Each structure stands twice: as C-alpha cells, then as structure tokens.
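Only one structure is covered here, and it is reproduced in the block below.
The values are calculated or read from the model by the stated rules, or taken from the named source; none is laboratory data. A quick note: this is a predicted structure, and the numbers were derived from the prediction, not measured. In this analysis, Cβ positions are derived from the backbone assuming ideal geometry, glycine residues included, and neighbour counts consider all displayed protein chains.
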Amino acid sequence: MSASASSSAPTSTKDPKAEPAKDEKKPAQPLEEDDEFEDFPVEDWTEEDTQLPSGNTHLWEESWDDDDTSEDFAVQLREELKKLGK
Amino acid sequence: MQAALQPFREAHALENAWAVAQILSPVAPIDDPGRLYDFYRASNEHMVENDVRSVLKYSKQNRHLKNESDAWTDIFVSYWRAIGEILRAEEASNQGRLRDRQAVEVYEAWKAVATNIQKFVSNGMLPSWAVVCMYSAANHLRVLAIKADEQLAQTRNGATFNAGFQDDVVSTTPKSEKLEDAARVFNRMFALCLGDRNPDMNESRKWGVYYMANLQFKTYFKLKAITLSKNVVKAIEAQSDLPLFELYPKAHQVTYKYYVGILAFLQEDYARAETCLQEAFDACFMQAIKNQELILTYLIPCRLITKHAIPSADLLSSFPRLQRIFGPLVACIKRGDLPGFDEALVAGEEEFVKRRIYLTLERGRDIAQRNLLRKVFLAGGYEDLKEGQTEADRIRKSRIPLANFAAALRMGTAGEGSGQILEDDEVECMIANMIYKGLMKGYISREHAMVVVNKKGAFPGTGV
C-alpha cells in the first residue's frame, strides 16, 4: 500500500461483516458468537474516534468495598459470633 | 464489458487501492445490489477473456494499465468466473436447491482470484498498491472457506444416519478442510509481504504484513491452532526492517494488539497481555462496540490479576453484554461475598470456559476472600486511646481472634445447608495462604488462636 493510501480518509471495506458497528448493539446470543475480531468499518482513524478523549480513569476501580458499609458488616459479624458462642 | 470495467479504469487511474479492492469484491455494494449480476451479464464464458483484454489493453489514457493489462485480464477473468459461481449458488440457495459442494465450488473459484492477484503482486506485474487488493481478496476467501466447510459438515452429518452420535464418527477428512486450505494461501501472502526487499518504503509490500498477520490469527483461532499464531508473532518480531508499527493503519494495529494480547493471556503472561489489550482498547474505533467488548472480555480478567482492579460501574453500563457476563462476579468480589462468587462462577461457567477466561477469573476468588478478611479487620475497630494520645494516633486493632474470621467465612453459608462449613484448621490454612500470597500481612499465633496483622498495611494496596 502506498503511504497515500494508508493515510487517506476512512474508506469502507464493504466486507459483509464490516457493517457499521451501530447495528451490532443488539444483544446477540452470547453462545453463538465467537471471539473473532470484526473488520473495522474504516481502515484508519484519529484519536478523536477512540475512547481516549473521554479519559480512561473512570473505567477501573479498586476491588474492595467502600469502608462506610463496614458498620452493617460489624453488626452482622457480632451476631454471628454471638450465635457461635452459644 | 467496456461499461462494466469503467469504474475499475477510473479507480486504477487514481491508484485508489481500496476502490479497486471493492470492485474486486464477491459482495455487491449496498447501494448497488445488482452490480455482480450486471458484471456477469456483460460477457460469457467464450468471450470473457477477449472482452476483458480488449478493454484493458487499449487504454489510451492510462499507460500503466496498458502495461499491466495481462495481469489484470487474468484477474478479471477469474473474477468473472467466480461471480458466476456465486450468483448460481445464490440462486440455488434462494430456491432451496443448493447442490452438495456448491459452496466449495464458490470457494475454489474465489481462491483462483486470490491466488491470481498474489501471483501478479509477487512477480511484479502489478503496482505495489495492489497488495491491498490481495489482502482484501484473502479476507473474502476466509469467509467463503468457512461457508464451504459449513456445507461440507452439513453434507457429512446428513450422511450419518444417527445425528446424535456424529461426534463418534471417525472422519478422515478434516472438519475445516477449506479453511485449512485458505490458511496455506494466507501464509504465502504473509511471507510475500514480510519478505519484500524493495528499499522504497512507499512501494513496499511490508505495509500488508499486519493485515495478513491478523487474517492468519483469525483463521488459526478458528482452527484452534494457537501455536501457529505464535509463529506469526515470532516471524514479525524477527523481521527488523518493518516500518514503525505506529505508521500502519489503526485497524491493523488494534487487531494485531488484540490477538497478541490474547496469545499472551493464554500463556498466562498477564502483564504483557494487559499492556497489549489496554493499547488495543485505547486506540479502538469508538463505534466498533463488539470489538471493544472483545478486548474488555480479556482485559477485565487481566486487570483483576495484575492490578486487583475491577471494571467500574460506568464501564460495565456502557457494555450491557459485559455487564451480564461480569457484573455479578465483580459485585461479589467487591463485597467479599464468597458463596455469591462461587455461584456467579458456576452460573457463567459455560461462557467463561468458552472464552478461555474461567481459570483466570477463578483466581479472583482470592480477591473476594481478601476483601472479606479485610472487612473483619475493619469491623474489629480501634485500640483504646492511651494517655496523651489524640484521635490522630488511633490505630486499628491488630490482633484479631481466628474465630472472627471463621465466623465471617461461615456467615454466608450458614442456614442455607450448603454444606460448605469450614473447619477451624481450614480457616487457618486459608489465612496462611493469603499471607503467603502477599494479600495480607501478619502472622497466625496458634497458641492464642489469634491473627496478628501488620500495623502498617495489613492488607497491602487497600489503604489499611
């Protein structure tokens, strides 16, 4: 491919599996589909078309629970210990 | 034929590789559903070669096309024949009269197109941009090979009288005969791209390397031949003179990172897998929802292992399918709900196994356990303040009776008759394991039946 082709404006590949991704939001049967990566509807894109502009930080969080729920748990635990104590 | 080839002549004059690749497609464009039919009708078996040749050879305005006319003639003649097979198969299929092996005939006809292009790219009779046409044809070949194999499998199953025992029937022909055949074609094309010696990078076939690599990954994953995928990665990594990875089209980059990430994941190299998958996710085309889901399907278990992190509610809510797969499991990990975790793992087992993430997710149980023990620690409260100490000096109780942990571990299972009652020894063993794995810091005092945790960081990385 020449450099001009690789940097040219997004071109549809017109593959039957490369329909615009919007149509694929519908939940398909999970066990029928496999983990095959689909052809992208375009060849190239800029950072504007990725998740990056919206930032990545909110995507992950710590795996433990916030401490403010530990009150309930402490009560439950005391109950349980009382039961066992009997 | 003059009119049928006009779009090609125009695209060729502009050296618009993708336009030519689309003209050489076995699928009619959405905005012109009759295109294949029109093209086929423009000639017949006796005349097609002469028809095509005379149009291409006498291209006055386009000197290049004239020089390449032999190559393009062969390609378009094979394309015309392939279209004939496709249209006949389509018609037969619509009438419910698809012959045995008709899909195989389509495959073979299209293979002739793909290998023709490859041949002329290889011997230099086509310009370098034609490599795009080559890999586009290869991509279609993969789809047609899968269809052919499906038809072959149906025919085979129809021939065995007891469908219920079809797995027991020993068949000498491979189940993916045509896809394996296509894989060999892809392998040659890949080598053709990788080994191009043209020093002018603008004209290099090396720009097709990652596209062909990705096509091979897709094929080998479908064939369940993961080792062969690793060979592709090795071949690329051994090739020192490829253009910078970042200069390739994003579609090539992201797909490549996805598959390399999964390969690392399957080898339990979670650090490398995480890097690749995160890069793939960050650079992924935003509207390609399914691809983002696929990346996350592996990235989520990865991050659970490497960073003990879970996807945020925000992230899961933008992907309903992932919410359904991972939501319950993640919630249980966060709550430290072990019975719930086990239940969620069983509920999702089929899907997790299919996606090859079951064993990795199972390791998330440690995190759920850590979170439960951590809650016991927090529930223990603080030491009383000594004389002269202020609120700021308050420290959490670092000696926790083993019985507290045992009680917490039994809480979820008690009363439900699950039979998962843990012996005291087992509780001790579990805590020892947590300490060994570095998820908890401290020691067990058997004498006092106490766990003594580190005053500075009892549960590393969790703020306490």
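When the residues of region B:334-358 are filtered to those that are charged (D, E, K, R) and touching a residue at least 60 places away in the same chain (Cβ under 8 Å), which remaining residue is farthest from B:Leu373 (Cα to Cα)?
Ranking the qualifying residues of region B:334-358, first place goes to B:Arg356.
Would you point out the residue of region B:326-340, among those that are over 18 Å from B:Glu293 (Cα atoms) and within 12 Å of chain A (Cβ to nearest Cβ), that is surrounded by the most Cβ atoms within 10 Å (Cβ to Cβ)?
Residue satisfying both the conditions and the ranking: B:Ile333.
Which residue out of B:Lys386, B:Lys397, B:Lys437, B:Lys375 is touching a residue at least 60 places away in the same chain (Cβ under 8 Å) and basic (Lys, Arg)?
After ruling out the rest, the residue left standing is B:Lys437.
So which of B:Gln323, B:Gln278, B:Gln239 ends up being more than 10 Å from chain A (Cβ to nearest Cβ), within 30 Å of B:Leu439 (Cα to Cα), touching a Leu at 6+ places or on another chain (Cβ under 9 Å) and surrounded by fewer than 23 Cβ atoms within 10 Å (Cβ to Cβ)?
From the options B:Gln323, B:Gln278, B:Gln239, the qualifying one is B:Gln323.
Among the numbered conditions (1) modelled with pLDDT of 90 or more; (2) surrounded by fewer than 17 Cβ atoms within 10 Å (Cβ to Cβ); (3) over 21 Å from B:Val20 (Cα atoms), tell me where B:Asn123 comes up short.
Just one mismatch for B:Asn123, condition (3).
Residue check, B:Ala273 against (1) crowded, with 24+ Cβ neighbours inside 10 Å; (2) within 25 Å of B:Val353 (Cα to Cα); (3) touching a residue at least 40 places away in the same chain (Cβ under 8 Å), all met but one. Which one?
(3) is the only condition that B:Ala273 fails.
Kindly indicate whether any position in region B:363-380 is away from chain A (no Cβ under 11 Å) and of a type in the set (A, V, I, L, M).
No, every residue in region B:363-380 fails to be away from chain A (no Cβ under 11 Å) and of a type in the set (A, V, I, L, M).
Of the conditions (1) out of contact with any His (no Cβ under 6 Å at 6 or more places or on another chain); (2) touching a residue at least 24 places away in the same chain (Cβ under 8 Å); (3) within 30 Å of B:Phe265 (Cα to Cα), B:Asn404 clears all except one; give me its number.
(3)
Within region B:202-216, is there a residue that is touching a Lys or Arg at 6+ places or on another chain (Cβ under 8 Å), within 11 Å of another protein chain (Cβ to nearest Cβ), polar (S, T, N, Q) and touching a residue at least 24 places away in the same chain (Cβ under 8 Å)?
Within region B:202-216, not a single residue is touching a Lys or Arg at 6+ places or on another chain (Cβ under 8 Å), within 11 Å of another protein chain (Cβ to nearest Cβ), polar (S, T, N, Q) and touching a residue at least 24 places away in the same chain (Cβ under 8 Å).
Mind checking which strands (runs of 3 or more DSSP E) fall wholly inside region B:364-464 and carry at least 2 residues that are of a type outside the set (A, V, I, L, M)?
B:399-401, B:442-445
So which of B:Glu362, B:Glu423, B:Glu343 is exposed (fewer than 12 other Cβ atoms within 10 Å of the Cβ) and at negative phi?
B:Glu423
Would you point out the residue of region B:24-55, among those that are closer than 19 Å to B:Met134 by Cβ and within 10 Å of chain A (Cβ to nearest Cβ), that is surrounded by the fewest Cβ atoms within 10 Å (Cβ to Cβ)?
Selected residue: B:Val27.
I'd like to check something: does region B:214-226 contain any residue that is outside the structural domain of B:Tyr358 (by TED's automatic domain parsing), under 23 Å from B:Pro127 (Cβ atoms), modelled with pLDDT of 95 or more and not polar (S, T, N, Q)?
Looking through region B:214-226, at least one residue is outside the structural domain of B:Tyr358 (by TED's automatic domain parsing), under 23 Å from B:Pro127 (Cβ atoms), modelled with pLDDT of 95 or more and not polar (S, T, N, Q).
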